[in-house]
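Colleague: Submitted below is the structure of interest, expressed as structure tokens.
The values are calculated or read from the model by the stated rules, or taken from the named source; none is laboratory data. As the structure is a computational prediction, the values presented were derived from the model and not from experiment. Reconstructed Cβ throughout: ideal geometry from the backbone, glycine too, with neighbour counts over all protein chains shown. Note: accessible area is taken over every heavy atom of the protein model, side chains too, but ligands, DNA and RNA are not part of it. Shrake-Rupley method; radii C 1.70, N 1.55, O 1.52, S 1.80 Å.
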Amino acid sequence: MSALSFAAERAVAIRAVLAASNVCQRVFTKLVNGETITKKDKSPVTIADYSAQAVVNSILHESFPADPIVGEEDAKDLRGEAGRQMREKVLELANSGLEKALNEDLLLETIDRGTFAGGAKGRMWALDPIDGTKGFLRGEQFAVCLALIVDGQVQLGVMGCPNLPIDAANQDGEKGCLFITVKGQGAFQRNFSSSKETPIAMGDIQSLADASFCESVESGHSNQSESAKIAHLLGITKAPVRMDSQCKYCSISRGDAAVYLRLPVSATYEEKIWDHASGSLLVSEAGGIVSDVHGKPLDFSKGRTLATNSGVIAAHARIHGRVIEAVQKVLFPEGKL
Ligand SMILES: Nc1ncnc2c1ncn2[C@@H]1O[C@H](COP(=O)(O)O)[C@@H](O)[C@H]1OP(=O)(O)O
Ligand SMILES: [Mg+2]
Ligand SMILES: [Mg+2]
Ligand SMILES: [Mg+2]
């Protein structure tokens, strides 16, 4: 393999995402069974968020101590007397996923390694410890998402999707998939239960009449009435597949749906880099194109957010241009950008 194979980073990222995914599943089981964590707690998903970030940051730090991390969470609310109860739970859960146990101080330090500001220069990891918190709470889709960005370019992505069926055609079958991609090396899926990786590719759609598109479950995250108009214009007749988290990128990458539409609901919201880094590389490596609503590539060099992009449109390379045309017609009927 070449010098840029990222073989070590790939192996460590897989280990970190698997460990964090297991911790998230443990939190969910405890939440449902009402053992140590109950629905009366402030926020079970918050506990899972912190624990998963601690697990990933800790494993990354062991192998790549100099690498900064752009993580969604910080440890502010876990400090002091006010944070004691939550801190103790997070410590127990994080340590359940780690070989080398953390103490309280190290836990806080480890979570706060995720506060890096991002930017255009150097190596950095982008981490969403639980993407799709709403899906997690509903027992539906969520993902642990980790990416390596070098000089503003996403080079590697690993996503753990504990509730995603291995085979979309068998929704009641085994669940728990890991998606892995390195720039220039393709896109892969494996089960949580086996290390065998299978290459995946987007469906090479000939006719959009047979296609379906996916979008967020949450109408507050993506404009669902505009997406219905876009789908109509493209001749898509199937109902949208609504799913939380970057599982949408994973689904289209293996051909479950043809298009992912994320249409801005507010002019001020800036998408976060950890919400798109790993998923967008997976789609490009699986034969797709990912852009914003104007057809502009996502720019991961602007800090913690995609400050210069608006929304996300992902589709097979063959149809992406047509999708952007339809998006433009619906969102900007006057032709103004
Ligand atoms: N107004 C918004 N527009 C788009 N995405 C949003 C908005 N508000 C929050 N999000 C983010 O969308 C992601 C979930 O997307 P999806 O609905 O596709 O699962 C979350 O990371 C969530 O951030 P947060 O973690 O702060 O809640
Ligand atoms: Mg997220
Ligand atoms: Mg999150
Ligand atoms: Mg969040």
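Colleague: Can you list the helices (runs of 4 or more DSSP H) lying wholly within the range 81-141 that have 3 or more residues being farther than 28 Å from C177 by Cα?
Modeller: Counting at least 3 such residues, we get 84-96, 104-111.
Residues are listed down the side, and each one gets a yes or a no for (1) closer than 12 Å to L137 by Cα; (2) open to solvent by 30 Å² or more (accessible area, probe 1.4 Å); (3) modelled with pLDDT of 95 or more; (4) in the same structural domain as L137 (by TED's automatic domain parsing):
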| position | (1), (2), (3), (4) |
| --- | --- |
| A16 | no, no, yes, yes |
| N22 | no, yes, yes, yes |
| V27 | yes, no, no, yes |
| N33 | no, yes, no, yes |
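Colleague: Still on this structure, I have one more. Among the residues that make up the range 115-133, is at least one of them among the charged types (D, E, K, R), within 27 Å of F6 (Cα to Cα), surrounded by 17 or more Cβ atoms within 10 Å (Cβ to Cβ) and under 25 Å from the mean Cα position of the chain (by Cα)?
Modeller: yes
Colleague: Which residues, counting only those in the range 248-281, are closer than 22 Å to R322 by Cβ and part of a helix (DSSP H, G or I)?
Modeller: Within the range 248-281, K248, Y249, S251, I252, S253, G279, S280 meet the criteria.
Colleague: L127 passes all but one of (1) more than 16 Å from ligand 4 (Cβ to nearest atom); (2) in contact (Cβ under 8 Å) with a residue 40 or more places away in the chain; (3) hydrophobic (A, V, I, L, M, F, W, C); which number fails?
Modeller: So L127 meets the others, but not (1).
Colleague: Is one or more of the residues making up the range 89-102 surrounded by fewer than 17 Cβ atoms within 10 Å (Cβ to Cβ), more than 26 Å from P162 (Cβ to Cβ), over 17 Å from the mean Cα position of the chain (by Cα) and more than 15 Å from ligand 4 (Cβ to nearest atom)?
Modeller: There is no residue in the range 89-102 that is surrounded by fewer than 17 Cβ atoms within 10 Å (Cβ to Cβ), more than 26 Å from P162 (Cβ to Cβ), over 17 Å from the mean Cα position of the chain (by Cα) and more than 15 Å from ligand 4 (Cβ to nearest atom).
Colleague: A further question on this structure: Of everything in the range 42-66 that's farther than 15 Å from D131 by Cα and open to solvent by 30 Å² or more (accessible area, probe 1.4 Å), which residue is nearest to ligand 2 (Cβ to nearest atom)?
Modeller: Of everything passing the filter in the range 42-66, K42 is nearest to ligand 2 (Cβ to nearest atom).
Colleague: Right, something else. Just name the residue that is farthest from Q25 (Cα to Cα) out of those in the range 96-139 that are away from ligand 1 (no atom under 14 Å from the Cβ) and among the polar types (S, T, N, Q).
Modeller: Taking the range 96-139 and keeping what is away from ligand 1 (no atom under 14 Å from the Cβ), we get 96-113, 115-125, 139.
Still in the running and among the polar types (S, T, N, Q): 96, 103, 110, 115.
Numbers: S96: 12, N103: 22, T110: 21, T115: 25 Å.
By that ranking, first place goes to T115.
Matching residues to (1) crowded, with 24+ Cβ neighbours inside 10 Å; (2) in a helix (DSSP H, G or I):
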residue	(1), (2)
D299	no, no
A307	no, no
A314	yes, no
R318	no, yes
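Colleague: Another question about this same structure. Which ones in the range 67-80 are assigned to a loop (DSSP other than H, G, I, E, B) and either of a type outside the set (G, A, S) or surrounded by fewer than 18 Cβ atoms within 10 Å (Cβ to Cβ) (or both)?
Modeller: D67, P68, E72, E73, D74, R79, G80
Colleague: Just to be sure before I move on: is S245 touching a Phe, Trp or Tyr at 6+ places or on another chain (Cβ under 8 Å) and assigned to a loop (DSSP other than H, G, I, E, B) in the structure I sent?
Modeller: Taking the combined requirement at face value, the residue satisfies it.
Yes/no per residue for (1) outside the structural domain of G119 (by TED's automatic domain parsing); (2) hydrophobic (A, V, I, L, M, F, W, C); (3) open to solvent by 70 Å² or more (accessible area, probe 1.4 Å); (4) within 13 Å of ligand 1 (Cβ to nearest atom):
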| site | (1), (2), (3), (4) |
| --- | --- |
| Q153 | no, no, yes, no |
| L156 | no, yes, no, no |
| Q171 | no, no, yes, no |
| K175 | no, no, yes, no |
| V182 | no, yes, no, no |
| A187 | no, yes, no, no |
| S194 | no, no, no, no |
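Colleague: Okay, moving on. Check R138 against each of (1) modelled with pLDDT under 95; (2) closer than 16 Å to N22 by Cα; (3) within 16 Å of ligand 2 (Cβ to nearest atom) and name the one condition it does not meet.
Modeller: (2)
Colleague: Which residue out of S278, S245, S291 is at pLDDT 95 or above and more than 15 Å from F179 (Cβ to Cβ)?
Modeller: Values: S278 fails: more than 15 Å from F179 (Cβ to Cβ); S245 fails: more than 15 Å from F179 (Cβ to Cβ).
Of the residues listed, the single one that is at pLDDT 95 or above and more than 15 Å from F179 (Cβ to Cβ) is S291.
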